[in-house]
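Asks: This is the structure I want to talk about, given as structure tokens.
Every read-out reported here was derived from the displayed coordinates using simple, explicitly stated rules and does not represent laboratory data. All figures in this text were calculated on a predicted structure; none of them were measured in a lab. Every residue, glycine as well, gets a Cβ built from its backbone with ideal geometry; the counts of neighbours run over all protein chains shown.
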Amino acid sequence: MTGFERWGAMMARTLYGPGGFYTRELPGRHFATSAQTPVFAEAVARLVDEVDERLGRPAAFTVLDVGAGGGELLERLAGLLDERIALRAVELRPRPEHLPARVAWGAEVPETVEGLLIACELLDNVPCDVAVVDADGRIRYEEVNGQGETRLGGPVSAEDAAWLAEWWPIGEPGEKAEIGLPREAKWRDLTARLVRGTALAIDYGHMKERRPPAGTMNGFRDGREIPPVPDGTRDITAHVAVDAVECDHRERQRDALLRLGLDATLPPVHLAFQNPVGYAHALAAASAAARLTDPEGLGAHWWLRTDRD
């Protein structure tokens, strides 16, 4: 493909269109997320229990994982949660054969949800347009082709200009911004389906006082960061303007996981001699917890939470 289009259209097609990256690739083969970690599932299980108790232990309670990847989180939750708790994945790819039978799988988000709706690193993959300031100080869309070449497009719409003015002001030639309206609309749609319970988005992002002047559009493949070429061979992602997303509470992942009891304390060394297998398991769990709560890494991710009782 040699034609130029705005980033939003290109991302939508090369990530989610026929033969797109997310219709055929397992995310775990290309990048690591919190949801792939066993100790993360243990923390989420404790969150499920909190929400379940808050709702009075209803007869119907569902954990809905939107953008479930390979189903790693739900697979682990199946061994941690009571059978009363329904587990349901929303994902474009076919259901993995290894998943427990109790994990339901489908491509569509249900109309209503009662329980915990979780979206781990979903919003950063919602297609969005890029705005750029031209040499005359005008804000225009950036266009891209299938080889990753970019050029200036037309002026941004009034709606996008208003969003930029409120949430991500840019004015110096060359400054860029990813327009967050599609991410906010996606989250409103998901939270509108929540009848009772909690909706939780977990993602990397930034606040208005620290927006990156060059934007954050990036690519991932085979565990490496690579240029964001929209050719269908790689993940394309952009950080979320988290303060523009409607929610009841936002906090860093580090704070959320520590509050849920995640412990990164290393096991005592003497355990290595008394119980080598137990020590190895405890050491692996502590190391994983340390990665999840690293303030310079996954611990800096944002938890955006909406509650409905």
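Asks: If I build a Gaussian network model for the chain, linking alpha-carbon pairs within less than 10 angstrom, which residue out of Arg234, Arg259, Arg210 has the largest mean-square fluctuation?
Replies: Most flexible of the set in this elastic network: Arg210.
Asks: Could you pull out every residue, at least 5 positions away or on a different chain, whose amide H is within less than 5 Å of the one on Cys120? Hs are placed 1.01 Å off N in the peptide plane, and Pro or chain starts have none.
Replies: So Cys120 has HN proximity to Val66, Ile202.
Asks: Calculate the dipole size of segment 194-240 relative to its Cα centre from +1 charges on Lys and Arg beta carbons and -1 charges on Asp and Glu beta carbons; express the result in debye to the nearest 20. Numbers along the way, then the final one.
Replies: Working: 7 positive and 6 negative charges, 41 e Å.
My answer is approximately 200 debye.
Asks: What do you get for the angle between helix 158-167 and the principal long axis of the chain? Use alpha-carbon atoms, 0 to 90 degrees, nearest ten.
Replies: The angle comes out near 50 degrees.
Asks: If you don't mind, another one. Hey, can you grab everything whose amide H is under 5 Å from the amide H of Trp105? Only 5+ residues off in sequence or another chain; H modelled, so Pro and N-termini drop out.
Replies: Here the answer is Ala89, since their amide H atoms fall under 5 Å of that of Trp105.
Asks: How far, in nm, would the chain grow between Leu80 and Glu97 when pulled straight, counting 0.36 nm per residue and subtracting the alpha carbon separation? Spell out each step's value before the answer.
Replies: On the way: separation 17, 0.36 × 17 = 6.12 nm, distance 1.99 nm.
So the chain would gain 4.1 nm between Leu80 and Glu97.
Asks: Can you compute the charge dipole magnitude of the chain about its Cα centre, using +1 on each Lys and Arg Cβ and -1 on each Asp and Glu Cβ, nothing else charged? Give it in debye, rounded to the nearest 20. Before the final figure, lay out each step's value.
Replies: On the way: 35 positive and 49 negative charges, 100 e Å.
Charge dipole, the chain, about its Cα centre: 480 debye, nearest 20.
Asks: Then there is this: Please work out how much length the chain gains when fully extended from Asp49 to Arg224, using 0.36 nm per residue of separation minus the C-alpha to C-alpha distance, in nm with one decimal. Write out the running numbers ahead of the final one.
Replies: Working: separation 175, 0.36 × 175 = 63.00 nm, distance 3.59 nm.
Gain in length upon complete extension: 59.4 nm.
Asks: Right, next: Only bridges whose two residues both fall in the chain count here: according to DSSP, what percent of them are antiparallel, nearest 5? Can you show the working numbers first?
Replies: Details: 29 of 53 bridges.
Just about 55 percent of them are antiparallel.
Asks: Under 14 Å from a label point 7 Å along Cα→Cβ of Asp243: give me every residue in segment 176-215 with its amide N that close.
Replies: The answer is 205-212, whose backbone nitrogens lie closer than 14 Å to the label point.
Asks: Compute the distance from the alpha-carbon center of segment 246-269 to that of segment 7-27, in whole Å.
Replies: A separation of 32 Å, based on Cα centres.
Asks: A further question on this structure: What is the helix-to-structure angle for 276-292, meaning the angle in degrees between its Cα long axis and the longest Cα principal axis of the chain, kept from 0 to 90 and rounded to the nearest 10?
Replies: Once rounded, the angle reads 30 degrees.
Asks: Which whole-Hz couplings ³J(HN,Hα) result when phi for each residue of segment 65-74 is put into the Karplus expression 6.51 cos²θ - 1.76 cosθ + 1.60, θ = phi - 60°, listed in order with x for Gly and Pro?
Replies: So the J values, rounded to whole Hz, are 9, 8, x, 7, x, x, x, 4, 5, 5.
Asks: By how many degrees, between 0 and 90 and to the nearest 10, does the Cα long axis of helix 38-54 differ from the longest principal axis of the chain?
Replies: 80
Asks: Quick one: 3J(HN,Hα) in Hz for segment 187-194, Karplus 6.51/-1.76/1.60 with θ = phi - 60°, rounded, Gly and Pro as x.
Replies: Per-residue couplings from phi come out as 5, 4, 4, 5, 5, 5, 8, 7 Hz.
Asks: Considering only DSSP beta bridges where both residues belong to segment 50-193, give the percentage that are antiparallel (nearest 5).
Replies: Numbers: 10 of 24 bridges.
Antiparallel: roughly 40 percent of the beta bridges in segment 50-193.
Asks: I've got another one for you. On full extension of the chain, what length is gained from Ala284 through Glu209, given 0.36 nm per residue of separation minus the C-alpha to C-alpha distance? Before the final figure, lay out each step's value.
Replies: Details: separation 75, 0.36 × 75 = 27.00 nm, distance 3.67 nm.
Full-extension gain reported as 23.3 nm.
Asks: So, one more: Going by Cα centres, segment 38-88 and segment 130-170 are how many Å apart?
Replies: The distance from the Cα centre of segment 38-88 to that of segment 130-170 comes to 40 Å.
Asks: Kindly state, to the nearest 0.05, the FRET efficiency for Asp263 paired with Glu166, given R0 = 45 Å and r defined as their beta-carbon distance.
Replies: Efficiency, from the Cβ-Cβ distance: 0.65.
Asks: Based only on other Cβ atoms within 10 Å, what is the fewest-to-most ordering of Trp105, Trp303? Working shown, then result.
Replies: Working: Trp105 17, Trp303 23.
Least crowded to most crowded, the residues run Trp105, Trp303.
Asks: Could I ask something else about it? Can you sort Met10, Met217, Met207 by how many other beta carbons sit within 10 Å, fewest first?
Replies: If I rank by nearby Cβ atoms, fewest first, I get Met207, Met217, Met10.
Asks: Another question, then. First measure r as the distance between the Cβ atoms of Asp309 and Arg193, then evaluate 1/(1 + (r/R0)^6) with R0 = 22 Å and state the FRET efficiency to the nearest 0.05. Walk me through the numbers before you get to the answer.
Replies: On the way: r = 16 Å, r/R0 = 0.72.
For R0 = 22 Å, the calculated efficiency reads 0.90.
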